[in-house]
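Worksheet: one structure, shown below.
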Amino acid sequence: MLHDAIAIAPLPLDAAVSPAIVDLRESAFRDDPHRILRPLRERGPLHRDTLGVWLVTGHALARAVLTDTHMGRDPRQWRGYASLRPYLADSTLEQTVERWMLLNDGSAHTRMRRLAAGAFTPAATRLLEQQVTATADALIDALPKDRPFDLMRDFAQPFPVRVMGDLLGLPAGDFDRSKAWSDALAMVVEPAATRAVREQSDRAAAEMLDYLCGVVASRRHHPRDDLLSDMLARQACDRTATDDELLANLMLLFVAGHETTTNLIGNGMLSLMSHPLQLARLRAEPSLMPQAVEEMMRFEGPVSVVARIAHQSCRVGDLTIAPGDLLYCLTAAANRDPKVFLDPDAFDVGRERNPHLSFGGGVHYCLGAPLARLEGAVAFRRLLARFAHLRRTDSDVAWRPLVNLRGLTRLDVTG
């Protein structure tokens with residue numbers, strides 16, 4: 001997340017052996033990260049790259065790191081942060097990202113998370129099913145029935161944007177530019193992002209901040225029955241969360257609320273169409289949908305890395321981690337650990353035991369996980385109901401050239 005290049009140099013079992021270098025920026029990793037990560041995990045659950053970042057590949061160790069109270073998410077605690085300033089020093093982007101609940105610990109994280117937590121409980125999310133289904137149906141109604149279409153552009157990308165926009169109460173006419181801002185801001189979690197990409201993210205942060213200031217001012221005078229009004233009411237009662245924190249975390253909700261769900265839908269549909277027997281099983285047994293969505297998150301998850309920073313000296317496996325050390329939990333590797341998952345490289349929509357780590361863990365467990373699960377279940381249920389013969393029309397798979405955000409540039413299909 002915090003630098004432009006990752007070159008993995010596994011710790012050698014024998015000091016006389018020079019380990020091979022694996023560059024996560026290479027096209028082979030983009031096309032099939034599992035082929036790269038499998039031998040790395042087999043060498044051991046913990047490695048260190050050439051920049052000093054710890055890489056956790058084993059499931060048990062990754063889960064321990066994600067839930068360890070000695071670990072945090074605030075990148076400013078990383079010893080390299082002050083010199084690198086990865087979000088562009090003193091920029092709007094840096095100031096915004098440093099206020100995201102995702103990248104704060106302790107009381108600051110609790111205070112910010114409390115602003116929106118009530119809207120994302122499983123119970124609250126279940127009440128949204130009718131609205132989310134209506135949004136999916138409206139997009140599906142517009143899809144061509146007699147010719148191929150790009151599922152990413154025409155459904156997977158706009159669907160979660162509309163859901164989050166409706167949830168926050170944003171005007172429908174603003175969804176397209178909100179998505180453009182959100183796309184740019186999502187790159188802050190991408191290790192391969194160049195300075196030019198960061199500058200684009202900074203411009204998006206400034207523009208979206210200006211936009212949200214106007215929306216918040218209006219909503220304070222005219223509250224509605226939506227998440228934004230609820231967040232403003234919570235802030236008014238609490239009085240500990242600042243306006244800057246409120247605005248930054250509104251941005252975060254939009255970014256996190258669309259990027260991963262878009263990838264879940266695209267990656268999940270690719271997995272289904274690449275495994276026709278599993279697709280047929282899901283059609284025949286629609287009650288398997290919740291399990292199928294979890295399997296999609298495990299098999300080809302929308303995020304490959306979850307970071308933690310050591311707050312103090314602590315043990316991770318057989319090694320001592322120093323304060324300020326950065327650890328990358330490679331969830332793409334951990335989610336296919338054969339010590340935990342039976343036949344881990346098989347895609348099984350009925351998989352019963354599936355403790356994947358795609359939503360993270362500990363106090364930073366993904367706030368929006370219940371909504372992502374609902375969106376995924378609704379999207380696949382409605383798409384499969386509407387298109388009886390859904391199949392790919394292009395044999396080439398176009399993955400985005402990214403390290404962390406695992407998703408497709410396009411997915412051409414026909415029904």
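The values are calculated or read from the model by the stated rules, or taken from the named source; none is laboratory data. It should be emphasised that the depicted structure is a prediction, and the values quoted were computed from it without experimental measurement. Positions of Cβ are backbone-derived with ideal geometry, glycine not excepted, and every protein chain shown enters the neighbour counts. Ligands, DNA and RNA are excluded from the accessible area calculation, which covers all protein heavy atoms including side chains. Shrake-Rupley method; radii C 1.70, N 1.55, O 1.52, S 1.80 Å.
Once mean projected area of the Cα convex hull in nm² is worked out from the coordinates, which option in (i) 22.4; (ii) 19.8; (iii) 25.9 does it equal?
(ii)
Can you give the accessible area per residue of the chain, in Å², using a 1.4 Å probe? Present the calculation step by step, with values, prior to reporting the outcome.
Values: 17520 Å² over 415 residues.
Averaged over the residues of the chain, the accessible area is 42 Å².
What is the extension gain from THR409 to THR240, computed as 0.36 nm multiplied by their sequence separation minus the C-alpha to C-alpha distance, in nm to one decimal?
Once the chain is fully extended between THR409 and THR240, it gains 56.7 nm.
Carbon and sulfur: what percent of the range 318-411's accessible surface (1.4 Å probe)?
Roughly 52 percent of what the probe reaches on the range 318-411 is carbon or sulfur.
How would the range 184-300 be classified by its alpha-carbon gyration tensor: rounded, prolate or oblate, with rounded meaning a/c under 1.5 and the a/b versus b/c comparison settling the rest?
Details: a/c = 3.40, a/b = 1.69, b/c = 2.02.
It comes out oblate by the Cα gyration axes.
When the accessible area of the range 232-289 is computed with all protein chains present and a 1.4 Å probe, what percentage of it is carbon and sulfur?
On the way: 1290 of 2180 Å².
Whole-percent figure for carbon plus sulfur exposure: 59.
Taking 7 Å along the Cα-to-C-beta vector as the label spot, tell me the ARG35-GLU199 distance in nanometres, rounded to one decimal.
Reported label-point gap for ARG35 and GLU199 is 3.6 nm.
Quick check: residue separation of ARG391 and ASP345 times 0.36 nm, minus the Cα distance between them. What number comes out in nm?
Here the answer is 14.4 nm.
Could you pull the accessible area for TYR365 with a 1.4 Å probe, rounded to 10 Å²?
80 Å²
Using a 7 Å offset from the Cα along the Cα-to-Cβ direction at both ALA124 and GLU42, what is the distance between the two label points in nm, to one decimal?
Distance between label points: 4.6 nm.
When the solvent-accessible surface of protein heavy atoms is calculated with a 1.4 angstrom probe, in what order do CYS329, CYS366 fall, highest first?
Heavy-atom accessible area, descending, gives CYS366, CYS329.
Helix-only mean residue ellipticity at 222 nm, the chain, DSSP H runs n ≥ 4 weighted -39,500 (n - 2.57), per residue, nearest 500. What is it?
Rounded to the nearest 500, it is -15000 deg cm²/dmol.
Rounded, prolate or oblate: which one fits the range 82-157, using the alpha carbon gyration tensor with axes a ≥ b ≥ c (rounded when a/c is under 1.5, else prolate when a/b beats b/c, else oblate)?
Oblate, because a/c is 1.5 or more while a/b does not exceed b/c.
Considering only C-alpha atoms, what is the centroid distance from the range 76-139 to the range 262-306, in Å?
With the range 76-139 and the range 262-306 each reduced to a Cα centre, they are spaced 25 Å.
Any chance you could look up the accessible area of MET297 with a 1.4 Å probe, heavy atoms only, rounded to 10 Å²?
That residue has around 10 Å² of solvent-accessible surface.
Accessible area, 1.4 Å probe, largest first: how do THR133, THR96 sort?
So, going from the largest accessible area down, we get THR133, THR96.
For SER27, SER395, what's the largest-to-smallest order of accessible area, 1.4 Å probe?
On the way: SER27 65, SER395 105 Å².
Highest to lowest solvent-accessible surface, that is SER395, SER27.
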